[in-house]
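Here the structure is laid out as structure tokens; the discussion comes afterwards.
Values quoted throughout were computed directly from the atomic coordinates according to the rules given, and no laboratory measurement underlies them. Everything numeric in this text was worked out from a predicted model, so none of it was measured. So basically every Cβ, Gly included, is an ideal-geometry build from the backbone, and we count neighbours across all protein chains shown.
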Amino acid sequence: MSFWVALDTVTVDSGGLEFKKGLAPFGDKWYQPKTLSGKPLGTANMKGTPITSIFQTFKLSRDRYEIISWDLEPGDVYAFHAMTVHGAGGNLRFDVRRRGYTVRYCGDDAVYDTRKGTQGHLRSESHRDGDQLDSDQYPLFWER
């Protein structure tokens, strides 16, 4: 589960998140994020056809997909499944800041996985593939 907390007033013009409404985003296609240098980032074992620009796809197909967004005030939160197709454009407003804080939670069945392309800040020297996420880096938030 992902949570994005607004620290400033946020609109689509200032870089607010947009979401594709519904499930099964693009059939057998999936989003392939890239680093600033253009190298693929994560999701190396996905099947199907990668889409390298979700928002280019949205731009070209807005009539085919329902794209939703909400303006937020400081303290408001977007809460959504991490696999929901989502993203944000740049802040087009030079008179306002767009700051937010993101937190992600996962179930007790989630394990550490060092797929090729995993973002550096998610790597852990103390975890091995298959280890449960219960450490200083991945703290247990709630126990049943």
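Annotations
- Near residue 16, the amide H atoms lying under 5 Å from its own belong to 11; only residues 5 or more places off or on other chains count, and H is placed 1.01 Å from N.
- Annotation: amide H of residue 133 within the under-5 Å range of 112, sequence separation 5 or more or interchain, hydrogens built in the peptide plane.
- Exposure proxy order (Cβ contacts within 10 Å, fewest to most) of 103, 85: 103, 85
- Residue 5 versus residue 132: modelled label distance in nm, points set 7 Å from Cα along the beta carbon direction: 2.6 nm
- Contour minus Cα-Cα distance for residue 96 and residue 13 (0.36 nm per residue): 28.9 nm
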